[in-house]
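Student: Structure incoming, see below.
All of the numbers you see were taken from the coordinates with simple rules; none came from a lab. From a predicted model like this one, the values you see are computed outputs, not experimental measurements. FYI the Cβ positions are ideal-geometry reconstructions off the backbone, even for glycines, and counts take in every protein chain you see.
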């Protein structure tokens, strides 16, 4: 590029300090779509009263609150008993923890209202005192001001009002469905999956602000549940055996695989225990299991028939002598509660309506995906059916809060943006074209820019010779080399050394042994190791990547052994795209004249950021932030940085240091300083927008200023949200062959956020099920992009994902950051880390300040914030592809 910034950089010196004012696009074909929103035609502009709720049992305060379902049952019983008396007929709705709302004042502002209750469950009666104290008065007129974009009101300021309306609607659904926060399920259409679980269908409900209106968002949902009934039968399914005797010797500490599955299944599970020695049933939460079988697990016991005489007996002996019960399966361990009491599994049954909170295995996840995957038209029908059957607008409680809503979905305006023109290499039959339907193929295409020719590489086969014979591997390599050469990426060594290794051995040594066969000139390292894996075992894969990233500093390309048997040219072409990207090449670009016109000819650094958190229960493990930055003018090559953060920290520490690094890499690669930075930030909830604006955007500005006095490139900062409950459905024949919105569909009106520029974008073509758009918010913009410009730029970038012949659903800088974050498992393999994707609280639409759900427990704040290094030879390469 000839238009390079001078020593002081470029860009406007002005700085916007607030969220960007709302603007709407005009380009593209206009068409109406249905949204899964019900317009709330009337809502109160009056006071709603918020109350602190303290439920105290007769025997003393709770050390830990019982389950939400139990607390709600207690509260509802008290409401039924006292509504016409102390509550003067005023209904109240309760979040099942510590907050309730009422449409009218139930007691004076400084008064504490006490409600006595005798609550009976499972044959046992408990006495409670429920104390209500007014905590706040919520004036819902703030909702009107917010949806009209008046007064600069932040989303957090309206959260209490939204919570009150959510709970009013949810109170109706709790009567007939099983509720978890804002999601509700029934067993009517359940599916039995493997591992002792069932899948239930349901819905999520959430009151959402739109432009000039409030809406009720309704979306289909699926969750995993424990089936009620025999615990022993459930564990047989967890271990996948037919009858209890086959469990003999399996549930021991020596068999960590089976025992680990059982412990994961039992964690926090509520069960009933009943046998002839006890009256009724006892309900408790499982704390763990005994370390030994019940015919070996012993304790000191004083026989009631022999007072003063204590002896050591096994649990099996105890049940025989105390209750005259001979255990049928004494070779099984027992389960324990928080008091460390021991109960035989054969006497226990699973309490109904419990949600499984652990991670699903591969087969369960597959079943979940199939079960949840429904055509858009079926999802619309299910949403309309639930609205009609529940008739939320006709509920007396909903009406008492002043809400009125019809049983129909909102129609909103959308536009379909034109697809960009993409370019492949000059040797392609059709080097420049505009894809149709968001997809294209590689036939007769050559890469735009080939990476370094592949001269020095090797193949390591970690599968046995029956799975992948040397002859089959060589035939596959020949097909791969041919495919690469046809695609314009040059492989000069068609016969790399092939060696076999043991996946259970020291992977680093196996990799080093394979690389010794590569004949490199002095001072030159091998470029690539192709690794044939025996299975999809993630542990072997992570070991390979860990060694490559931290020790060897070479690129690896992993593949499964099943692909060796029958070389498929499409598969080989896909591998070629990955290898070319890793070795410095570019597979396709946007038509540069149009792309640079969108950027106004200014060198632009694209940044993407994502955060992953430790798996639930691993509070001593760090969270990981990943940042990727473009390294060329075309925005197609990226370098990556990983940052270790304190557990569950949402804001990115050391961002200034990381942005400085990427500014320097861009300058070193292009010999130009960025005059514009476009930052796509994933993992930010709406309630965190102000925090992000006040900290992370300032960190970027400081990074620029630290490099050179007066260097102030334009900064455009977008929050990216993928996990949300908004869906759109095309009308008539406007959809694609799957019934979804076509690629390029954008919605920036009606159901978007009042007062700021945000938009929903379908950048991809759905393969199956109901497509989910990505939600983008412009939090800061020095560049003065119009709504049309930022929407079209974001959409066009989705056609540049390096290893795809389809437009992708989320902008590539964020997609790459996802991949880099996933590689954090490999970087920190020695910590035994498991991660979950950074998401906001599932109880809310995007989470929010004042959410009534129980929040996550913060982890160890002593974990240091630090940049995680990869081997210097991979530092600026796309090793993560």
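Student: For region 450-582, would you read off the P(r) tail past 18 Å as a percentage of all alpha carbon pairs?
Tutor: Values: 4407 of 8778 pairs.
For region 450-582, the fraction of Cα-Cα distances above 18 Å is 50 percent.
Student: Please give the length that would be gained between residue 539 and residue 188 if that part of the chain were fully extended, namely 0.36 nm times their separation in residues minus their C-alpha to C-alpha distance (nm, one decimal).
Tutor: Stretched fully, the residue 539-residue 188 segment lengthens by 122.5 nm.
Student: With a cut-off of 8 Å between alpha carbons and a minimum separation of six or more residues, what is the relative contact order of the chain in percent?
Tutor: Taking the mean separation of contacting Cα pairs over the length of the chain, I get 17 percent.
Student: Label residue 565 and residue 148 with points 7 Å out from Cα along Cα→Cβ: what is the distance between them in nm?
Tutor: 6.9 nm
Student: Now a separate question. So if we plug the beta-carbon distance of residue 482 and residue 551 into 1/(1 + (r/R0)^6) with R0 = 25 Å, what FRET efficiency do we get, rounded to 0.05?
Tutor: That pair, residue 482 with residue 551, gives E of 0.20.
Student: Now, a different point. Rank these for me by crowding, 61, 176, 510, going from fewest to most other beta carbons within 10 Å.
Tutor: Sorted ascending by nearby Cβ count, the order is 61, 176, 510.
Student: Can you give the Rg to Rh ratio of the chain, both from alpha-carbon atoms, with Rh computed by the Kirkwood formula? Numbers along the way, then the final one.
Tutor: Values: Rg = 30.4 Å, Rh = 30.5 Å.
Taking Rg over the Kirkwood Rh, I get 1.00.
Student: Mind ordering 309-322, 586-599, 764-777 by average Cβ neighbours within 10 Å, highest first?
Tutor: Highest-to-lowest ranking by the protection proxy: 764-777, 586-599, 309-322.
Student: Just order 342-348, 501-507 by mean Cβ neighbour count inside 10 Å, highest at the front, would you?
Tutor: 342-348, 501-507
Student: In nanometres, what is the gap between the two model label sites at residue 98 and residue 474, each 7 Å from Cα along Cα-to-Cβ?
Tutor: 7.2 nm
Student: Among 185, 62, what is the fewest-to-most ranking by other Cβ atoms within 10 Å? If you can, show how the numbers build up before the last one.
Tutor: Working: 185 24, 62 12.
Neighbour counts put them in this order, fewest first: 62, 185.
Student: To the nearest 0.05, what FRET efficiency results for residue 871 and residue 429 with a Förster distance of 56 Å applied to their C-beta separation?
Tutor: E between residue 871 and residue 429, to the nearest 0.05, is 0.90.
Student: Here's something else I'd like to know. Ranking 528, 718 by Cβ neighbours within 10 Å, fewest first, what do you get?
Tutor: With the fewest neighbours first, 528, 718 line up as 528, 718.
Student: FRET efficiency for residue 248 and residue 490, Cβ-Cβ distance as r, R0 = 41 Å, nearest 0.05? Can you show the working numbers first?
Tutor: Numbers: r = 60 Å, r/R0 = 1.47.
It comes out at approximately 0.10.
Student: Rg and Dmax of region 681-819, Cα atoms, in Å?
Tutor: 16.4, 58
Student: What nm distance separates the two modelled labels at residue 466 and residue 520, each placed 7 Å from Cα along Cα→Cβ?
Tutor: If labels sit at residue 466 and residue 520, their model points lie 3.6 nm apart.
Student: Given 0.36 nm per residue, what is the gain on full extension from residue 90 to residue 311 after removing their alpha carbon distance, in nm?
Tutor: Full extension of this stretch gives 73.6 nm more.
Student: Suppose the chain between residue 734 and residue 326 were pulled fully straight at 0.36 nm per residue; how much longer would it get relative to their current alpha carbon spacing? Kindly include the intermediate steps, with their values, before the conclusion.
Tutor: Details: separation 408, 0.36 × 408 = 146.88 nm, distance 6.85 nm.
That pair, residue 734 and residue 326, stretches by 140.0 nm at full extension.
Student: Of the peptides 605-615, 556-566, how do they stack up when ordered by the mean number of other Cβ atoms within 10 Å, highest first?
Tutor: Answer by packing, highest mean first, reads 605-615, 556-566.
Student: Here is a further query. As a check on your grasp of the helix formula, calculate [θ] at 222 nm for the chain: sum -39500 (n - 2.57) over DSSP H runs of n ≥ 4, divide by the residue count, round to the nearest 500.
Tutor: On the way: 20 runs with 219 residues, N = 881.
Calculated mean residue ellipticity at 222 nm is -7500 deg cm²/dmol.
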